[in-house]
Amino acid sequence: MFPDLTQHPEWLRGQTIEWCNRLAEQTGKYEYPWNAIIEGAAAEDIFCEELAKVVRGKALEVGCGHGVFANRWASQAEEVVGYDMTEGFLLTAEQNRKPNVRFVLGNTKEGLPFKDHEFDLIYTKKGPTSWYPEANRILKPGGHLCSLHPGDANGEGIELGSYFPRLFAPPQQGTPILDKINRLLSQSGLEAFSIRRLRETSYLPAVEDVLQIIGFGQTEGFIQYVKENCLERIRSQFDLHRSEQGLKTIGFYYLIQAQSASTPGPEGLAGV
């Protein structure tokens, strides 16, 4: 029904350094441009509630983007350090940072350039997982880790892939993301951790929101190609499947909480 957009010469896979650099050139920010109406508690809000309980001392945000989330915790921590691989995002972050917030450029795949036992807390909001094996090294004894990552659908959350085949990934079985996270956490030396799967239902109010998701971080030429070749079919599918609130989508996230080794684990933490 739809063309394979990954074959377009200007398409870039999301979250790569090339894609992030392009997005930084376009907007200077890592910020979703589409609208979504979330039903019930948002996964991000649940994450923030848990994170607020452990923010203290010196905190590290991995994958800080343009720094807004790091600034949010500045009043609760002595210092917040934001770490990101995209220079363009950090240029924006520097323009708006709070006095006790600083930013460091680097790629987690090349390690974390921080001292042993430097941080009371490490957190990431939808950021990378490749730094987990180093988490215990840079956390102080009794330090906390709190993370939110996109999760495995494992046969659920098939709406966009079903409504717009080839424009969005098809339904996936299995838990490759969870398997990777568990493997990395097992290498970390963290003494106790929990992984909670969050289910989030949201509605896209308009066809334009679908286009925004498809074109996020892509070029104007790519977006124009999508409009010329896909817009009418996208509109038809949207109208066919929409409810009064909009087009329903279901997403999944993993909320991870952990403590560093050499200290008793917090009550209630158990791997799931």
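See the values below:
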| item | result |
| --- | --- |
| Candidate set from segment 47-65 (those that are assigned to a helix (DSSP H, G or I) and without any contact (Cβ under 8 Å) to a residue 60 or more places away in the chain); member that is most open to solvent (accessible area, probe 1.4 Å) | GLU49 |
| The lone exception for GLY28 - which of (1) at pLDDT 95 or above; (2) open to solvent by 50 Å² or more (accessible area, probe 1.4 Å); (3) not acidic (Asp, Glu) it fails | (2) |
| Some residue of segment 63-72 being of a type in the set (A, V, I, L, M) and touching a helix residue (DSSP H, G or I) at 6+ places or on another chain (Cβ under 7 Å) | no |
| Residue that is farthest from LEU5 (Cα to Cα) [pool: residues in segment 179-219 that are at pLDDT 95 or above and polar (S, T, N, Q)] | THR201 |
| Test: residue in segment 230-240 that is open to solvent by 40 Å² or more (accessible area, probe 1.4 Å) and either in contact with a Lys or Arg (Cβ under 6 Å, 6 or more places away or on another chain) or closer than 27 Å to ALA24 by Cβ (or both) | no |
| Test set (1) open to solvent by 30 Å² or more (accessible area, probe 1.4 Å); (2) part of a loop (DSSP other than H, G, I, E, B); (3) closer than 23 Å to TYR83 by Cβ - PRO171 fails condition number | (3) |
| Those residues of segment 178-205 which are open to solvent by less than 40 Å² (accessible area, probe 1.4 Å) and either in a strand (DSSP E or B) or hydroxyl-bearing (Ser, Thr, Tyr) (or both), in sequence order | SER188, ALA192, SER194, ILE195, LEU198, GLU200, THR201, SER202, TYR203, LEU204 |
| Residue check for ILE181: in contact with a Ser or Thr (Cβ under 7 Å, 6 or more places away or on another chain), among the hydrophobic types (A, V, I, L, M, F, W, C), in contact (Cβ under 8 Å) with a residue 60 or more places away in the chain and closer than 29 Å to ALA70 by Cα | yes |
| Near pairs, Cβ below 8 angstrom, 6+ apart or cross-chain, from segment 66-95 (within 21 Å of GLN26 (Cα to Cα)) to any residue that is among the hydroxyl-bearing types (Ser, Thr, Tyr) and not in a helix (DSSP H, G or I) | HIS66/TYR30; THR86/TYR30; PHE89/TYR30 |
| Restricting segment 241-261 to residues that are β-branched (Val, Ile, Thr) and closer than 30 Å to VAL55 by Cβ, the residue that is least open to solvent (accessible area, probe 1.4 Å) | ILE256 |
| All positions within segment 220-250 that are of a type in the set (Gly, Ala, Ser) and under 27 Å from ALA43 (Cα atoms) | SER243, GLY246 |
| Unmet criterion (only one of (1) more than 19 Å from the chain's Cα centre (by Cα); (2) under 29 Å from GLN245 (Cα atoms); (3) of a type outside the set (A, V, I, L, M); (4) not in a loop (DSSP other than H, G, I, E, B)) for GLU44 | (1) |
| Hits in segment 181-206 - residues which are touching a strand residue (DSSP E or B) at 6+ places or on another chain (Cβ under 9 Å), closer than 29 Å to GLU134 by Cβ and not charged (D, E, K, R) | ILE181, ASN182, LEU185, SER188, LEU190, ALA192, PHE193, SER194, ILE195, LEU198 |
| Residue within segment 262-269 that is modelled with pLDDT of 95 or more and more than 23 Å from the chain's Cα centre (by Cα) present | no |
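The values are calculated or read from the model by the stated rules, or taken from the named source; none is laboratory data. Only a predicted model underlies this, so the values are computations on that prediction, with no experimental measurement involved. Note that we place each Cβ from the backbone using ideal geometry, even for glycine, and neighbour counts take in every protein chain shown. Quick note on the areas: whole protein, heavy atoms, side chains included, nothing else; ligands and nucleic acids left out. Shrake-Rupley method; radii C 1.70, N 1.55, O 1.52, S 1.80 Å.
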